[in-house]
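Taking it in order: structure first as structure tokens, then the write-up.
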Amino acid sequence: MSLQNRPEKSEKLELLAPAGSMACLKAACLAGADAIYLSGKRFGARAFASNFDEKSLRWARRVTASLNKKMYVTLNTIVFENEWKLLRETLDFYETLQPDALIIQDLGVARELARRQSRIPRHLSTQGAWWGVAAYEELSELGISRVILPRELSIAEIKEVCEHYPELELEMFVHGAMCYSISGRCYWSIALGTRSGNRGTCAQPCRKEYHACLTQENQSHLFSPKDLRLIRQIPEISDSGIRSLKIEGRMKSPEYVYQVVSAYRKALDNNGVANEKSLDEVYSRASGEGFYNGPTDVEIWRTPETPGREGVVVGQASGESRDGLTGIFACEKLSPGEGIFWYEKGHKKGARLTWVKDDRKVKNLIWVRGISGILKSGTQIRRTSKADENKWESQWNRDWERRPIDLFWSGREGSPLAVEAILNGHPLRIESDEVLKLALQKGLEDGPLQDKFDVLGEFFCAGRHVTTLLGKGLHISASSLKKIKRGLVENLLKFEQLPPPPKNGQSGILAVLPEKKPEDDYSELFDENADPEVYLKVWNHNFPFVRDVGPDCWVLPWGCNSSRIEQIVHARIAYWLPPILNFAQFEQLKAELAEKAEAQTEFFCSGWELFELNRLFSDLTFYADWSFNICNYSALEFLRQKGLKAVFTREWKEEQLPDNLVGFRCSQAWNPLVSFSRFKDATSPGIILQNSHNDHFFSLSLGNGVSGLFLVDKPAAISSKGTSSVMLDVAIGPNENPVQAAKDLNRMIDSIKTGRV
């Protein structure tokens, strides 16, 4: 059956495939994906993939339209205020491209699209870290029609979210790499250099080796998770209420995309029955179920031996070599052209086979060419790629690269021939310069239109020829038909580069630009007379110090023994709330706040629950904490309109901020938090870990099953600028002297206050 003729199912479960290049998009289409997600050259969370420039994005739009597949474009990084002009130019282009959705993370970007009244559907990226417990009103206001759920949710939690929001499309990952951190809540890479996970340039520090300090023994990939594989769970997922199954892999090869998508396509079409072995033949680490049944023990979720691929075991080296051939006892069939690898003295080595022949005397022994040297007897051989992996390319049809356009023909004898079409919402009508006459043989409807107009230049083709309003048995000269075709193609090329017409305006080529929206007035975000304060947030639940430190406000863990603290400190006390991952945790938090929270107390939230809490508890004050990734005026204005404020993300650089912006600066941290994770802790409490670059780390519980990983890195001073308040995050590490820490912190705080007098 051809790709274009696959029967449609009502409310069928969508299979969503990655495409980091044009070849990957072809592979995904041929393998049976229902939708493709890809990125332009800007603001995509896989900056190191090939990605698509404007020309190739138009190509991708034609291909997906031709094959009746959805195309989603990722715009899922955080966007700084100084990039706003570039963002608007990018959005202008996407308004002309009209993908089936934009995948976004940044709250400010979502608000900008809503302000524009964009017609492009919006999907909230998993980077947005929406757990389903609150803020549905805000999602609706921002035009979010689908949410890509965090990988850290269990199937039970996913079902609960689906039941609560049946009108909201929900998408989940079913295959591919897992991140140690909660998506959108990883600052590990940027803390060690300049590459940010929230900007698509993560250096993957979680895949490196770590060991306990003071010993070089037991080095291990402590934070390297197994890949996700849920192909066996397809039947249960299909009944959960999820609308789309997502495969990770925009950095992977076309062969990977083709084989993985093919496997899941077969599983979906056969009620979960699939050949899992085909998934072992492509790039993959050790795989598991992730959080499908909830958090699991360390031995189950991580790959301590190697963070890379494992491949399929195909045999063992015999230890013999003759005439340049290497002997292998094979347990799988091997063919010329296949890639293999093995480990030699702890180092990974690989080769591609050029010749394979069975031994006539010894069963299962084969002789291969392509391996240099002699392999030690018993060395395990794994296959990385099969010889027939490129056969899918021959199935591609270049005709699929033309976008189908329905053509509506009309005319009667003695009147001009007219053709009408619609592209991007713009109607087009072209008439002939001759009038129609009776044909001596067959009329236009009996073949000439199809012959002349099925192919419309390089980029378009005819979808349907609708001739209901065209008289029978009429014809017109070939030269006149040629002029109609030329005009049709020229106008289609113009209309392809125009956004849809205004909703309430006239359509057509002279009225196609979106209505000019007034620029936002951000004056409420600025105040020359603001009274800046120093906030000190403590991550430790056991409070190793509180004396002799004088911030204007302490921000302490909610649930701590505040009565004891109040006897020691003489400053205002606020609280940070633990991450909220499910409805049970949210209900418990609401009950605690209703019972224990005093009026006007300030609370700092890391997620979308702050919107619902703000509605429920009008006598309390809520802030979006720095981990909510606020870094532009658009996001700040959205929060201000809701009666909320924000701590700016630590990634918003000091030099980019204006002097009199009201809010909190979070550019400083004492032992900065670099990762929020739901994985069960890979280390014991009180242990300091070290990597090969001599960076040191320790972990603390943040509550609700979430741990925080902290980098041992103390600032020499706290910088302060303008009227903005300062938020200093503090985590006291194992074996750290709390008395000395208190002295150093107090010195820093005094320097800020003195400088502002």
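Could you please tell me which pairs satisfy a Cβ distance under 7 Å, a separation of 6+ or placement on different chains, a first residue in region 311-333 that is within 11 Å of Lys376 (Cα to Cα), and a second residue that is in a loop (DSSP other than H, G, I, E, B) and of a type in the set (D, E, K, R)?
Ala317/Lys376; Gly319/Lys376
With polar (S, T, N, Q), surrounded by fewer than 21 Cβ atoms within 10 Å (Cβ to Cβ), outside the structural domain of Glu655 (by TED's automatic domain parsing) and over 20 Å from Arg119 (Cβ atoms) as the only criterion, which of Ser56, Ser66, Ser39 stands out?
Exactly one of Ser56, Ser66, Ser39 is polar (S, T, N, Q), surrounded by fewer than 21 Cβ atoms within 10 Å (Cβ to Cβ), outside the structural domain of Glu655 (by TED's automatic domain parsing) and over 20 Å from Arg119 (Cβ atoms), namely Ser56.
Looking only at region 40-57, which residues are small (Gly, Ala, Ser) and without any contact (Cβ under 8 Å) to a residue 40 or more places away in the chain?
Ser50, Ser56
Considering only region 302-321, how many residues are of a type in the set (Gly, Ala, Ser) and at pLDDT below 70?
Residues in region 302-321 being of a type in the set (Gly, Ala, Ser) and at pLDDT below 70: 1 in total.
Tell me which of these Glu217 doesn't satisfy, since it passes every other one: (1) at pLDDT 90 or above; (2) among the charged types (D, E, K, R); (3) over 25 Å from Ala129 (Cα atoms).
Looking at each condition in turn, Glu217 falls short on (1).
Trp400 is checked against (1) surrounded by 19 or more Cβ atoms within 10 Å (Cβ to Cβ); (2) in contact (Cβ under 8 Å) with a residue 60 or more places away in the chain; (3) over 30 Å from the mean Cα position of the chain (by Cα) and fails just one. What number does that condition carry?
Only one criterion is unmet by Trp400, namely (3).
Any chance region 669-682 includes a residue that's touching a Gly at 6+ places or on another chain (Cβ under 6 Å) and over 17 Å from Cys206 (Cα atoms)?
yes
Could you list, ordered by first residue, the pairs with Cβ atoms under 7 Å in which the first is in region 419-441 and without any contact (Cβ under 8 Å) to a residue 12 or more places away in the chain and the second is surrounded by fewer than 19 Cβ atoms within 10 Å (Cβ to Cβ) and hydrophobic (A, V, I, L, M, F, W, C), at least 6 apart or interchain?
Correct list of pairs: Arg429/Ala418.
Just to be sure I understand the filter: pairs with C-beta atoms under 6 Å, separated by 6 or more residues or on different chains, first member in region 685-702 and touching a residue at least 24 places away in the same chain (Cβ under 8 Å), second member in a loop (DSSP other than H, G, I, E, B) and of a type in the set (A, V, I, L, M). Which pairs pass?
Pairs found: His696/Ile688; His696/Val712; Phe698/Ile688.
How about region 474-493: which of its residues are in contact (Cβ under 8 Å) with a residue 60 or more places away in the chain and of a type in the set (S, T, N, Q)?
Ser480, Asn491
Give the residues of region 660-684 that are without any contact (Cβ under 8 Å) to a residue 60 or more places away in the chain and either farther than 22 Å from Gly184 by Cβ or of a type in the set (A, V, I, L, M, F, W, C) (or both), sorted by residue number.
Ser684
Take the residues in region 155-171 that are among the charged types (D, E, K, R) and loosely packed, with under 15 Cβ neighbours inside 10 Å, then tell me which one is farthest from the chain's Cα centre (by Cα).
Glu163
Considering only residues of region 226-282 that are assigned to a loop (DSSP other than H, G, I, E, B), among the acidic types (Asp, Glu) and over 23 Å from the mean Cα position of the chain (by Cα), which is surrounded by the fewest Cβ atoms within 10 Å (Cβ to Cβ)?
The selected residue is Asp239.
Please go through region 46-75 and give me each residue that is within 18 Å of Asp34 (Cα to Cα), touching a Gly at 6+ places or on another chain (Cβ under 7 Å) and of a type in the set (S, T, N, Q), ordered by number.
Residue satisfying the conditions is Thr74 alone.
In this structure, does Val674 turn out to be in the same structural domain as Phe543 (by TED's automatic domain parsing), crowded, with 22+ Cβ neighbours inside 10 Å and under 29 Å from Pro150 (Cβ atoms)?
yes
Can you pull out every residue in region 672-707 that is in contact with a Cys (Cβ under 7 Å, 6 or more places away or on another chain) and farther than 18 Å from His221 by Cβ?
None; the set is empty.
The values are calculated or read from the model by the stated rules, or taken from the named source; none is laboratory data. Everything numeric here is computed off the predicted structure, so don't read it as measured data. As a convention, Cβ positions derive from the backbone with ideal geometry for all residues, glycine included, and neighbour counts pool all protein chains shown.
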